[in-house]
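What follows is a single structure, written as structure tokens, with notes after it.
The values are calculated or read from the model by the stated rules, or taken from the named source; none is laboratory data. These numbers come from a predicted model, not from an experiment. Positions of Cβ are generated from backbone atoms using ideal geometry, with glycine treated the same way; all protein chains shown enter the neighbour counts. The area values use the complete protein model at the heavy-atom level, side chains included, leaving out ligands, DNA and RNA. Shrake-Rupley method; radii C 1.70, N 1.55, O 1.52, S 1.80 Å.
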Amino acid sequence: DALQSLQELNLRNNLVGSLPAKFVNLKNLNSLDLKSNEFTSLPEGFEKLLNLNALNLSMNLKFNYAADKTKLEKLTNLTTLDLSYNNLTEEQLNLLQAVLTNCTIVNLDYKNRSLFDGARRIKEPGK
């Protein structure tokens with residue numbers, strides 16, 4: 001399959017609500033931008049994208065973090081994860097940060113400020 005070598009994919013602002021099951025076969029994918037879509041969950045097997053180091057899930061207001069928490073925790077090569085504007089709690093983010101120790105988790109609220117200024121590696125972009 002020609003898409004097997006795909007390394008970056010930007011689906012930002014497309015009103016996408018789901019990804020096809022074969023999406024998890026993109027083993028070389030290292031950057032995925034799903035900002036401003038309508039995702040409620042990630043496809044089964046998403047945690048198999050072990051080369052993924054940048055994931056933007058911000059502004060997916062229907063995203064069910066609780067359902068996909070385990071998938072995200074298994075993406076141990078992530079260095080940047082943006083979960084801004086998804087109504088996550090400080091507790092949820094701190095638990096995720098404890099697992100993804102090498103990852104910078106970005107989480108802004110609607111006042112354009114970091115929800116957790118003092119938390120380790122959870123920061124506002126550009127700072």
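Loop-located trypsin sites (Lys or Arg not before Pro) across segment 23-71 with a Cβ neighbour count of 15 or fewer within 10 Å are Lys27, Lys62, with loop assigned by DSSP. Where both residues lie in the chain, what percent of DSSP beta bridges are antiparallel, nearest 5? In the chain, approximately 5 percent of DSSP beta bridges are antiparallel ones. The candidates Glu91, Glu38, Glu73, arranged from most to least accessible area with a 1.4 Å probe in the full protein assembly, appear as Glu91, Glu38, Glu73. What angle do you read, to the nearest 10 degrees and between 0 and 90, between the alpha-carbon axis of helix 90-99 and the longest principal axis of the chain? Result, in degrees: 60.
On the chain, 48 percent of the accessible area sits on carbon and sulfur atoms, based on a 1.4 Å probe.
Placing dummy labels 7 Å off each Cα toward the beta-carbon, the span from Gln92 to Ser18 is 2.1 nm. When a/c reaches 1.5 or more, the comparison of a/b and b/c decides; with that in mind, is the chain rounded, prolate or oblate per its Cα gyration tensor? Prolate, because a/c is 1.5 or more and a/b exceeds b/c.
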